[in-house]
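J.: Have a look at this one before I ask anything.
Rule-based calculations on the coordinates, nothing more; no lab input. None of the values given here were measured: they were computed from a predicted structure. When we count neighbours, we look across all protein chains shown, and the Cβ atoms used for this are built from the backbone with ideal geometry, even at glycine.
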Amino acid sequence: MADPADTTGAEPAILDDALARLGDIDGRTGAIMQSLIRHLHSFVREVEPTEAEWLTAIRFLTRTGQISDDRRAEFILLSDILGVSMLVDAINHRSEATATETTVLGPFYAGEQPVLPYGASLLKRPEAGSELVMAGHIKGSQGATPISGARIEVWQTAPNGLYDVQDASQPAGHLRGTFISDASGRYRFITALPVSYSIPDDGPAGDLLAVMKRHPFRPAHVHFMISAPGFRPLVTQLYIAGDPYLASDAVFGVKPSLIVEPALVDGTQRITFDFTLDPAP
Ligand SMILES: [Fe+2]
């Protein structure tokens with residue numbers, strides 16, 4: 001393979017020409033385009049794809065676009081399984097030493113859902129799995145004061161391992177909901193104990209996992225997006241202790257501080273977890 005550091009010959013001249021033609025782009029966009037072209041050329045010079053291989057890559061990205069719609073976010077999946085989503089997450093949350101840790105949004109956020117009352121159930125039909133009660137507080141990281149009026153958006157899979165947007169048999173909005181923390185900063189809701197599930201592996205992202213000889217499973221989790229005026233929004237997930245995929249999550253989303261262990265109380269699985277938000281910058 002060619003040495004990408006080689007600065008002589010026709011190949012670097014193509015790079016120089018591509019960079020020189022960028023035009024007068026200032027600021028962030030200019031810096032991003034410079035870097036994108038440099039790294040893309042460097043990758044191609046290192047790999048030296050055949051023309052057939054390059055066409056395979058183009059077709060792969062074309063299929064990724066073609067399979068995507070408002071219910072299927074294949075480019076988010078690609079970003080997730082390559083570890084890029086978690087890298088972007090890490091870069092953007094370097095300074096939050098005290099807030100609850102963040103993790104990937106994932107491809108199954110389905111927009112704002114109706115606000116449900118304190119203690120309500122996310123289930124829009126009965127499910128065979130174990131019932132789970134989740135409760136706790138939303139707090140500010142400085143002084144641990146409770147935050148009332150925080151918006152808590154929740155979503156998760158059904159016990160069959162599918163989100164409502166993947167499964168026509170589920171009522172729309174099943175296992176999704178929005179809650180508002182009360183005057184003491186408390187939240188509480190009833191749901192079904194989440195299960196580990198396969199990300200959609202019948203498209204380009206699944207094909208790529210197979211090429212990399214990786215499994216498509218995520219450990220059981222519940223997604224949260226929490227926001228409150230004056231605080232940085234928090235996008236995170238809580239993972240169920242003991243799940244066999246905690247150490248090999250297909251999207252690299254697990255952080256130890258986000259692993260929780262349900263406790264059996266009066267015959268019901270319960271998780272108590274306090275979320276902590278940092279002040280808005
Ligand atoms: Fe998920």
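J.: Which of Thr98, Thr103, Thr29, Thr191 has the fewest other C-beta atoms within 10 Å, and how do the rest follow up to the most? Could you put the intermediate results ahead of the total?
T.: On the way: Thr98 13, Thr103 26, Thr29 10, Thr191 23.
Ascending number of Cβ neighbours within 10 Å: Thr29, Thr98, Thr191, Thr103.
J.: If you don't mind, there's one more thing I want to ask. Using Cα-only point scatterers and the Debye equation, what is log10 of I(q)/I(0) for region 118-163 at each q in 0.14 Å⁻¹, rounded to two decimals?
T.: The Cα Debye sum returns log10 ratios of -0.51.
J.: For a bin width of 5 Å, list the pair-distance distribution of region 137-281 built from all Cα-Cα distances, rounded to whole %.
T.: 2, 9, 16, 18, 19, 16, 10, 6, 3, 1, 0
J.: Also: Testing the spin-label approximation: label points 7 Å from Cα along Cα→Cβ at Asp16 and Glu101. State their distance in nm.
T.: With each label point 7 Å from Cα toward Cβ, the separation is 4.7 nm.
J.: Would you kindly work out the equivalent ellipsoid of the chain from its C-alpha gyration tensor and give its semi-axes, the square roots of five times the eigenvalues, largest first in whole Å?
T.: On the way: eigenvalues 331, 111, 53 Å².
Taking √(5λ) for each Cα gyration eigenvalue gives 41, 24, 16 Å.
J.: Right, next: With point charges of +1 on the Cβ of Lys and Arg and -1 on the Cβ of Asp and Glu, referenced to the Cα centre of the chain, which listed residue (His221, Gly106, Val154) lies farthest in the positive direction of the dipole?
T.: Of His221, Gly106, Val154, it is Val154.
J.: Among the trypsin sites (Lys or Arg not before Pro) within region 130-222, which fall in a DSSP loop and have no more than 15 other Cβ atoms within 10 Å of their own Cβ?
T.: Working: sites: Lys139, Arg151, Arg176, Arg186, Arg188, Lys213, Arg214; in loops: Lys213, Arg214.
Hits after loop and neighbour filter: Lys213, Arg214.
J.: If you line up the long axis of helix 10-20 against the longest principal axis of the chain, both from Cα atoms, how many degrees apart are they, to the nearest 10?
T.: Roughly 60 degrees between the two axes.
J.: If you don't mind, another one. Using helices alone, what [θ] at 222 nm do you get for the chain, with -39,500 (n - 2.57) per DSSP H run of 4 or more residues, divided over all residues and rounded to the nearest 500? Could you put the intermediate results ahead of the total?
T.: On the way: 6 runs with 74 residues, N = 281.
So the calculated ellipticity at 222 nm is -8000 deg cm²/dmol.
J.: Which angle between 0 and 90 degrees, to the nearest 10, do you get for helix 51-67 versus the longest principal axis of the chain when only C-alpha atoms count?
T.: Roughly 30 degrees between the two axes.
J.: Determine the dipole magnitude for the chain: charges of +1 sit on the beta-carbon of Lys and Arg, -1 on that of Asp and Glu, nothing else is charged, the reference point is the Cα centre, and the result goes in debye to the nearest 20. Numbers along the way, then the final one.
T.: Details: 22 positive and 34 negative charges, 197 e Å.
With only Lys, Arg, Asp and Glu charged at Cβ, the dipole is about 940 debye.
J.: Could you tell me which residue out of Leu234, Leu264, Pro244 lies farthest along the dipole of region 159-281 toward its positive end? Charges go on the beta carbon: Lys and Arg +1, Asp and Glu -1, centred on the Cα centre.
T.: Highest projection toward the positive end goes to Leu234.
J.: Here's a follow-up. Once you list every other residue whose beta carbon is under 14 Å from the beta carbon of Ile259, what net charge do they have if Lys and Arg are +1 and Asp and Glu are -1? List each step's numbers first, then the result.
T.: Values: positive: Arg218, Lys255; negative: Glu101, Asp243, Asp249, Glu261.
Spelling it out: positives minus negatives among the neighbours equals -2.
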